[in-house]
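Trainee: Quick one: the structure is below, questions incoming.
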Number of protein chains: 2
Amino acid sequence: MNQMLGKQSICFEQPAYVLSSASVVGKKEGEGPLKDYFDKIHEDPALGEENWETAESAMQKEALELAVQKAGLQNSQLRLIFSGDLQAQSVASSFGLQGFERPVYQLYGACSTMGEALGLAAMSVSGGYADYTAAVTSSHFGTAEKEFRFPLEYGNQRPLSATWTVTGSGACVLGKEGGKVVVTGITSGKIVDYGFKDSLNMGACMAPAACDTIYQNLQDFGRKPGDYDRIITGDLGQVGQKILFDLLKEKNVDISSQYMDCGLLIFDNEKQDTHSGGSGCGCSATVFSSYILPKLEDGTWKRVLFLPTGALLSKVSFNEGRTIPGVAQAVVVESAQEEK
Amino acid sequence: MNQMLGKQSICFEQPAYVLSSASVVGKKEGEGPLKDYFDKIHEDPALGEENWETAESAMQKEALELAVQKAGLQNSQLRLIFSGDLQAQSVASSFGLQGFERPVYQLYGACSTMGEALGLAAMSVSGGYADYTAAVTSSHFGTAEKEFRFPLEYGNQRPLSATWTVTGSGACVLGKEGGKVVVTGITSGKIVDYGFKDSLNMGACMAPAACDTIYQNLQDFGRKPGDYDRIITGDLGQVGQKILFDLLKEKNVDISSQYMDCGLLIFDNEKQDTHSGGSGCGCSATVFSSYILPKLEDGTWKRVLFLPTGALLSKVSFNEGRTIPGVAQAVVVESAQEEK
């Protein structure tokens, strides 16, 4: 039962099926290029709640409830929930998921958390530890700016390398059988630190980690970039994408024909003034749930390498002048028809 | 290959062995009742580093390096590391573990994180996803007070219900074979919220979750409290312990003959002025690594239910007047001789 592959990957003997997914986003995301793909768009960034933090919890609850419904299940059938967000001490999940009354493992991988959650959810199903499990993450522009940068009221100018935190939550339900998409493997990411310190240029901080995980995935699985229909990072944005291409070029790997980035898909950066692109735990989660999965379900794509990317910083670490290490957690998702 | 048991538990077909453990603590912990059990006691709370945050990272690095050495392994042989701490965005782990250059899944379960990490590490080994894996968590009095409460310089008075965050890190290495202790099962915890709001009485906030997980463990495994030599919570302290006993009494469960609490073991509350007891991610991790495991290794205890407990709050959630939900993540650890 050895499913370990190469140095950092797992190839599942029993792949886990993605049974359903759901995405809930805010107004700005609902005005972007993917507006027709999301399940629900909220006009009010506070969702009628007292503050942004509770609003984010409410979005996470809504996304997971919807995914469970779409899978034709009851909340009580979820065996394990893997969740995360960007708020300090992951409280968006603590409050968003308590109503489910199901076991929860909370995770923190910054914007890579959906990759971590999907990986662990697939491991749980494939290992026989759970019949149904869920992966859910969220972010919120208001909570994230407050948590990491400046009060919104301050109205600071944003450099062109800055990304815009997505207000949204994406959720997937995984199970042993029955879906049209399977998670066939994962490549777990190392913490990679190139010494960047600019929290308004997270693409640069995360690109080395994305390079590392992509390269390791190709090595471990013995694949070429062309063996994937798409290689999709979380939120490198325009700046990070350029660096990623350069870094991979040094390793003689060219992914430019397959490459996409959730952060570049979710906003029209020019029209929506989002600079380098979208970011946040909710970015890769909502784009995966709304846009990537359906393309695998209908067979448009056969195999995708999905790797959410995270910048590992806190307000304190930033103020103490520390670097911003990156991490990228990859999941191999395939159209179920393709599975042998 | 169905290893699911009851509603929330897993009974491992292939148990995971705990190959080694290590504990690194601060001065105050080194003056407490467990002083002879710890691997390393640091007199300087900053470990010669620039600040407490980097000191905590250094402790985590030291604990894991030592555990790996004790297992007779190289860092490079770790397939996956499960880690966590209490700092916002888990940065203690981000900086402490990057030097290992191994895949990391960062977790956040407040002070329950060592239970979460051990559970996922055991799942990884048992499922064939990793030959060697590690669980490591840390906390630091200085970083935690700054993160959750008041600046130390303010010198606020602490109510008797308050706990004292342990400065320390505990690490375990798990593998497929070779140790004297096995993880035979886990019971994953739900988020339980009784509406408490006092961050200086975390025992009360966590006791309902501990009750829930203990009761569910006994139900799922069809066991009585006496089937465990010890039932050991993370850091309920004196106040939380009393509430836990009362809550379990309502369910006709009496664990008083088996009960221990890491928070009550690590300090002499009267002499050390630590009020209700020790707490923090590092509390259960260091007590497990230094005191509990050896008693299972030498057969003093045959079977222990170890359940770190976490209070799910942040500075922001507290200041917004929200409740403090609790969670308890349980691991069943047994002396390897006992394993059938």
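What follows is calculated from the coordinates using simple rules that are stated; it is not laboratory data. Note that the structure is predicted; figures quoted are calculated from it, not measured. Ideal geometry is used to build each Cβ from the backbone, glycine not excepted, and the neighbour counts take in all protein chains shown.
Trainee: Just the ratio, please: alpha-carbon radius of gyration of the range A:254-340 over 2.2 N^0.38 Å, N its number of residues. All intermediate terms of the calculation are to be shown ahead of the outcome.
Mentor: On the way: Rg = 15.8 Å, N = 87, 2.2 N^0.38 = 12.0 Å.
It is 1.32.
Trainee: Same structure again: Quick one: go through the range B:30-47 and flag any residue whose amide nitrogen is under 15 Å from the point 7 Å out along the Cα-to-Cβ line of B:Lys295.
Mentor: From the range B:30-47, the list is B:33-38.
Trainee: For the range B:124-199, what does the relative contact order come out to in percent, with C-alpha contacts under 8 Å and a separation of six or more? Spell out each step's value before the answer.
Mentor: Numbers: 58 pairs, mean separation 30.1, N = 76.
Result for the range B:124-199 is 40 percent.
Trainee: What share of the DSSP beta bridges in the range B:4-175 is antiparallel, in percent to the nearest 5? The partial results should precede the final answer.
Mentor: Values: 18 of 30 bridges.
Restricted to the range B:4-175, the bridges split so that about 60 percent are antiparallel.
Trainee: May I ask which of A:Lys176/A:Lys315; A:Lys146/B:Lys242; A:Lys242/A:Lys295; B:Lys28/B:Lys242; A:Lys40/A:Lys190 have a Cα-Cα span longer than 30 Å here? Let's see the in-between values first.
Mentor: On the way: A:Lys176/A:Lys315 40 Å; A:Lys146/B:Lys242 38 Å; A:Lys242/A:Lys295 25 Å; B:Lys28/B:Lys242 25 Å; A:Lys40/A:Lys190 34 Å.
Correct reply: A:Lys176/A:Lys315; A:Lys146/B:Lys242; A:Lys40/A:Lys190.
Trainee: As I understand it, the dipole of the range A:72-231 uses +1 on the Cβ of Lys and Arg and -1 on the Cβ of Asp and Glu, about the Cα centre. Which of A:Ser90, A:Ala135, A:Gly109 lies farthest toward its positive end?
Mentor: A:Ala135
Trainee: When the helices in the protein assembly as shown are scored as -39500 (n - 2.57) per DSSP H run of 4 or longer and the sum is shared across all residues, what 222 nm value do you end up with, to the nearest 500 deg cm²/dmol? Walk me through the numbers before you get to the answer.
Mentor: Details: 22 runs with 216 residues, N = 680.
Counting only the DSSP helices, I get -9500 deg cm²/dmol.
Trainee: Here's another thing I want to ask about it. Kirkwood Rh over Cα pairs of the range A:4-175 into Stokes-Einstein at 20 °C, 1.002 mPa s: D in µm²/s?
Mentor: Values: Rh = 16.6 Å.
Taking Rh from Cα pairs, D becomes 129 µm²/s.
Trainee: Let me ask you something else. Shielding by partners for B:91-101, please: the mean number of other protein chain Cβ atoms within 10 Å of each residue's Cβ.
Mentor: 6
Trainee: In the neighborhood of B:Leu244, defined by Cβ-to-Cβ distances under 14 Å, what is the net charge if each Lys or Arg adds +1 and each Asp or Glu adds -1? Please report the intermediate quantities before stating the final value.
Mentor: Values: positive: B:Lys242, B:Lys249, B:Lys251; negative: B:Asp212, B:Asp235, B:Asp246, B:Glu250, B:Asp254, B:Asp261.
Once all neighbours under 14 Å are counted, the net charge is -3.
Trainee: Let me ask something else about it. Among A:Ser257, A:Ser279, A:Ser290, which one moves the most in a GNM of chain A with springs linking Cα atoms closer than 10 Å?
Mentor: Greatest mean-square fluctuation among the candidates belongs to A:Ser257.
Trainee: Net charge around B:Lys35, counting only other residues with Cβ within less than 15 Å of its Cβ (Lys, Arg = +1; Asp, Glu = -1)?
Mentor: Surrounding charge for B:Lys35 is -2.
Trainee: Please work out the Cα center distance from the range A:263-311 to the range B:163-204, rounded to the nearest Å.
Mentor: 35 Å
Trainee: Scaled to the compact-protein estimate 2.2 N^0.38 Å, what is the alpha-carbon radius of gyration of chain A, rounded to two decimal places? Write out the running numbers ahead of the final one.
Mentor: Numbers: Rg = 18.1 Å, N = 340, 2.2 N^0.38 = 20.2 Å.
Rg over 2.2 N^0.38 Å, computed on Cα atoms: 0.90.
Trainee: Which distance in nm do the two modelled labels at B:Leu200 and B:Asn319 give, with both placed 7 Å along the Cα-to-Cβ direction?
Mentor: 1.8 nm
Trainee: Quote the Stokes-Einstein diffusion coefficient, in whole µm² s⁻¹, for the range B:28-92, based on the Kirkwood radius over alpha carbon pairs, a temperature of 37 °C and a viscosity of 0.692 mPa s. Kindly include the intermediate steps, with their values, before the conclusion.
Mentor: On the way: Rh = 13.5 Å.
Rounded to a whole number, D works out at 243 µm²/s.
Trainee: First select every other residue whose beta carbon is under 13 angstrom from the beta carbon of B:Ser23; then total the charges, Lys and Arg +1, Asp and Glu -1. Please list the in-between numbers first.
Mentor: Details: positive: B:Lys35, B:Lys40, B:Lys70; negative: B:Glu29, B:Asp36, B:Asp39, B:Glu62, B:Glu65.
Neighbour charge sum, excluding B:Ser23 itself: -2.
Trainee: Using the alpha carbon gyration tensor of the range A:113-264, what are the three equivalent-ellipsoid semi-axes (square root of 5 times each eigenvalue), largest first, in whole Å? Display every interim value, and only then the final one.
Mentor: Values: eigenvalues 162, 106, 31 Å².
Semi-axes (√(5λ), whole Å): 28, 23, 12.
Trainee: Would you mind telling me which residue in A:Ser83, A:Ser169, A:Ser314 has the biggest mean-square fluctuation in a Gaussian network model of chain A, where springs connect alpha carbons within a distance under 10 angstrom?
Mentor: A:Ser314
Trainee: In a Gaussian network model over chain A where Cα atoms closer than 10 Å are linked, find which of A:Phe38, A:Phe318, A:Phe82 has the largest mean-square fluctuation.
Mentor: Largest GNM mean-square fluctuation: A:Phe318.
Trainee: In whole angstrom, and with the biggest value first, how far do the Cα coordinates of the range A:183-338 range along each principal axis?
Mentor: The principal-axis extents, from largest down, are 51, 36, 23 Å.
Trainee: Over the Cα atoms of the range B:58-129, what is the Rg over Rh ratio if Rh follows Kirkwood? Walk me through the intermediate numbers first.
Mentor: Numbers: Rg = 11.9 Å, Rh = 12.6 Å.
Across the range B:58-129, the Cα-based Rg/Rh ratio is 0.94.
Trainee: Related question: Within a 10 angstrom radius of each residue's Cβ in B:316-323, how many Cβ atoms of other chains show up on average? Whole number is fine. Kindly include the intermediate steps, with their values, before the conclusion.
Mentor: Details: counts 10, 10, 2, 0, 6, 1, 8, 3.
Across B:316-323, the average partner-chain Cβ count within 10 Å equals 5.
Trainee: How well do other chains shield peptide B:188-200, expressed as the mean number of their Cβ atoms within 10 Å of each residue Cβ?
Mentor: Details: counts 10, 3, 8, 15, 2, 4, 0, 0, 0, 0, 0, 0, 0.
The shielding value for this peptide is 3.
Trainee: Just the ratio, please: alpha-carbon radius of gyration of the range B:272-311 over 2.2 N^0.38 Å, N its number of residues.
Mentor: Here the Cα radius of gyration is 1.35 times the empirical estimate.
Trainee: Given charges of +1 on the Cβ of Lys and Arg and -1 on the Cβ of Asp and Glu, with all other atoms neutral, how large is the dipole of the range A:183-338 about its Cα centre, in debye to the nearest 20?
Mentor: Computed charge dipole of the range A:183-338: roughly 240 debye.
Trainee: Relative contact order, percent, of the range B:4-175 when contacts are C-alpha pairs under 8 Å separated by at least 6 residues? Present the calculation step by step, with values, prior to reporting the outcome.
Mentor: Working: 336 pairs, mean separation 52.8, N = 172.
Worked out over the range B:4-175, it gives 31 percent.
Trainee: Could you work out the Kirkwood radius for the protein assembly as shown, taking every pair of different alpha carbons, averaging 1/r and inverting it, reported in Å?
Mentor: Values: mean 1/r = 0.0413 Å⁻¹.
Mean inverse Cα-Cα distance, inverted, gives 24.2 Å.
Trainee: Still on this structure, I have one more. Compute, for the protein assembly as shown, the length of the dipole vector about the Cα centre, with Cβ point charges of +1 (Lys, Arg) and -1 (Asp, Glu) only. Units Debye, rounded to 20.
Mentor: Working: 58 positive and 82 negative charges, 182 e Å.
So the dipole magnitude of the protein assembly as shown works out to roughly 880 debye.
Trainee: Ranked highest first by average number of other Cβ atoms within 10 Å, how do A:49-56, B:135-142 line up? The partial results should precede the final answer.
Mentor: Numbers: A:49-56: 21.2, B:135-142: 31.6.
Listed from highest to lowest mean packing, they are B:135-142, A:49-56.
Trainee: Do you know the relative contact order of chain A, to the nearest whole percent, from alpha carbon pairs under 8 angstrom that are 6+ apart?
Mentor: On the way: 914 pairs, mean separation 84.2, N = 340.
Once normalised by length, the contact order is 25 percent.
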